[in-house]
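The values are calculated or read from the model by the stated rules, or taken from the named source; none is laboratory data. None of these values were measured; they are calculated from a predicted model. As a convention, Cβ positions derive from the backbone with ideal geometry for all residues, glycine included, and neighbour counts pool all protein chains shown.
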Amino acid sequence: MLEPSSNTYFVSNVESIDLNFDLISLITVGIVLIAIFKFTSFLHLLSAIAKLKAKYIAIVTAFIWLIAFATLFLNSREIHHIQNAILANQTQAISGCITDHEIIQGNSREEMFFVSGVKFKYNDYATERYFFANREHGTFIKNGQCVTIVYLPNQENGILKIDKVGVALAANKQLLALTAFAGTQTHGLPRFARYFSPCICAPKLGG
């Protein structure tokens, strides 16, 4: 679950999105249009006003409805997939300070940066609305800014949450993560993992 805190800069609203009502509404609109076109003279009135054959107006209306339905249905499936990934704990969190921050201006605004070696890249137009894309062009994202980011690796590292953290806290979280990883590499002796230090002590040479 994406729970905001006092240090939260951004949190996605994807968990609260429900497009089922919109789908039902669109289906209802389709049924109503069919009834109006079939049982009233409205279609013929439109035909007279637009000076087009009634069947052409019906075809265009049906085509527009199909495009709207397909778009909404695909969006609903994608959002449902993201929601399931969050519930299944497929998200990852990483802490560190932003480095190699770049902004690329074009027809849209693209931004890229790294946090502890993980690359994040987004576009204020192309990136899905429920992922962070710095659409207000704020200055929070900058080199040296220390953050904790919750993201989905299987969604091109789409950012779901950003928390601001202090430099010391970010460094400590990185150290804990390194310690946990290094402890698992101690010749299959997991009982030593909790005591493992990430420092590598080299033997003294020449003495």
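Out of the residues in segment 125-141 that are out of contact with any strand residue (DSSP E or B) (no Cβ under 6 Å at 6 or more places or on another chain) and in contact (Cβ under 8 Å) with a residue 24 or more places away in the chain, which is farthest from E111 (Cα to Cα)?
For segment 125-141, the residue satisfying everything is Y130.
What number of residues within segment 108-126 satisfy the criterion of being at pLDDT 95 or above and not in a strand (DSSP E or B)?
Number satisfying all stated conditions: 2.
Would you mind finding the one in A68, A54, A93 that is of a type outside the set (D, E, K, R) and modelled with pLDDT under 95?
Residue meeting the stated conditions: A54.
Please specify each residue of segment 93-107 satisfying the condition of being assigned to a strand (DSSP E or B) and surrounded by fewer than 12 Cβ atoms within 10 Å (Cβ to Cβ).
The answer is D100, E102, I104, Q105.
Every residue in segment 110-149 that is among the β-branched types (V, I, T) and surrounded by 19 or more Cβ atoms within 10 Å (Cβ to Cβ), please.
V115, T127, I141, V147, T148, I149
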